[in-house]
Structure formats: structure tokens, C-alpha cells
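The values are calculated or read from the model by the stated rules, or taken from the named source; none is laboratory data. Keep in mind the model is a prediction, meaning the values are calculated, not measured. Please note: Cβ atoms are built from the backbone with ideal geometry, for glycine as well, and neighbour counts cover all protein chains shown. Side chains are part of the model used for accessible areas, which takes the heavy atoms of the whole protein and leaves out ligands, DNA and RNA. Shrake-Rupley method; radii C 1.70, N 1.55, O 1.52, S 1.80 Å.
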Amino acid sequence: MLLEQSGTQDERKKYRRAAEIILLKTLHLDPENAGARALLQSVRASAPEQSREDVPFIVTPTRTGSPQKDVKRKFRLKLPFMLIAMLAAGGGILRIAYSHRLNPNALAAPAAQKARPRESDFRPALSLTPQPVPVSSPVSSNVPTPATNPVPVPTPARQVLVVRAPAPPPIAISTAVGKLAVSSPIPAEIYAGDRYIGSTPTTLELPAGRQTLEYRHGDLRTAVNHEIRSDETATLTITFSVTLQINAKPWAQVFLDGAQRRPLGQTPLSDISVPIGGVLVFENPNFPAKSHRITEKDTAIQVNFP
């Protein structure tokens, strides 16, 4: 457009030289630009008398590499710095996460500070204290105006709500104890659960209330519930029972001796449960009476008269 509008020879030469420089720079940056190449040929064809020496611009030889290769080369040069920056950022994130995990209160402190109300939030926006208003009296009035003193209005004090939780009721701990005197015809070990607490005969001090104790003699076991009363002594005789086959020749009436003599029947007797340590008495009117003390090894008893 400048070439077409130029009038004098100097103007056409000046604008032609400027246009050729612009087109040469364009081809230097983009050698494949067909439009710039066509315009350059048109400019040069419009001035065949102008030699190449008139153009002060010298085009440097273009690089043989393509722009894509230049971009890749620049990317390869920047790649180490990008990796270093990424590693530094990742290390900083890991360090922050590790410090937050070691000190979980670090995250809660800023949130608590934000959530904590400020004292200025509770201050009234407007002052409640009234200000005295000056009253101007006319000059012609001779009546003095009484002075008015402002009445102070007390500022409401900030109220603090205190919630007191009721104290938990005290736990009642029983300290009352009682005693249990235990005896048995044969020695027996006494256990409270799996804890050994003594052997018969003995007197135990136990907490008041219902207590369950287990008595052991060899392979024999028996559990008994006791009602322990405060400041009282209970007595108990523990017995272990065995089942016997009892017989006598020619025959006999069998009794279990004790404070109260208990008849068992006339021989032969089968599957009779009797306590270990007890005494069996055999009586036949034709012979003197005989007795036998029961042990844990007895399974059958045979008595012969005379």
C-alpha cells in the first residue's frame, strides 16, 4: 500500500527498501511462508534497476533444523530444572504433612482462633450514653434556662453463662465382712474361683453377701453358696459322697452313724450314696454289731458275721 501511494522516486525507493527488509525478516523467522516470498518477488520485480547492495539488511543463514527440533532441544535443556523444582515442591509438601501428623493441634489452632469470637463483636455499634444538646435561648428572653445534666446510662455488662454439670454419685464400696467356720471329715482345699484361700478346718473372713466357694479333695469337687452376714460367724461341715454296694453275711441292718442315726436298710444294698468319713453300723440280733468308716477309695463293702 505504501508503494502504491508513494509519488516521488525517493519515496518509492524508501518504502520499497523498508518493505523488502520486513519481508526478509519474515522469511528469516518463517522460511516456509509462501505469502511473504511472493510479496518479496513482487517488490523486487517492481524495481529491477535496484541492486541487492542497496538493501542494508543481511539475512543470516537459517538453521537446518526444524522448529520442532529447536523446541525439543529447549525442552531438554529445561527438563533438569523442571525436575528439580518438582522434587523440591514434593519435599516441601511431605515435610508439611509430616509436621502436621506429629502435631495434630497445629491445624486446630488456626481454626480455633478463627472460630473464637472477638470482644469487639459484642460491643454495641452505637453508644448508649446520650449526649447533651445545647439549647440556645433568644436574646430578648431574660428568663435563665436551667442547666441539664446528662443522665448516665449504665453499659450492660457482658454476661458469662456457666454450666455446672452435676457431680456423679459416689460409688458405694462395701467394707462389711463376716466369718465362715468350715470343717469336714476329711481335709479339703477351699477355692474362690481359681484362687486358693485355705483348707479345712479353718475360719475365713469374707465380704458380707452371697459368696460361692468350691471345696476339693483329690478328684472330688463340690460347690456351696454361703450367705455371709456382717459381724457374724457362720458354721458349715463339708462332706463328699460316694456310691457304694453294701452286703453282709448272713445279713444285717445298716445304719449311718452320727448325731442323728439314719437307717439305710437291710443287706444287700445297691447304689447307696454315703458321705466320705462317715461310719456304717451293721447289726444282726444273733451277732455283735460291726462298723466300717467310709473312705474315698470304697466302692463296695462286705461284712461277715461272726
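Some observations on this one:
- Filter result (on the phi > 0 side of the Ramachandran plot and at pLDDT below 90) within region 172-208: Gly193
- Selection count where residues are more than 45 Å from the chain's Cα centre (by Cα) and either open to solvent by less than 40 Å² (accessible area, probe 1.4 Å) or over 19 Å from Ile276 (Cβ atoms) (or both), scope region 206-216: 1
- The condition of being open to solvent by 80 Å² or more (accessible area, probe 1.4 Å), part of a helix (DSSP H, G or I) and at pLDDT 80 or above does not hold for Leu24.
- Number of positions in region 208-242 that are without any contact (Cβ under 8 Å) to a residue 40 or more places away in the chain, in contact with a Lys or Arg (Cβ under 9 Å, 6 or more places away or on another chain) and among the charged types (D, E, K, R): 2
- Here the condition is being exposed (fewer than 14 other Cβ atoms within 10 Å of the Cβ) and modelled with pLDDT of 85 or more; of Gly65, Gly35, it holds for Gly35 alone.
- Condition check for Val242: at pLDDT 90 or above and surrounded by 14 or more Cβ atoms within 10 Å (Cβ to Cβ): no
- Answer from Thr222, Thr203 - the residue that is part of a strand (DSSP E or B), over 20 Å from Val303 (Cα atoms), open to solvent by 80 Å² or more (accessible area, probe 1.4 Å) and not aromatic (Phe, Trp, Tyr): Thr203
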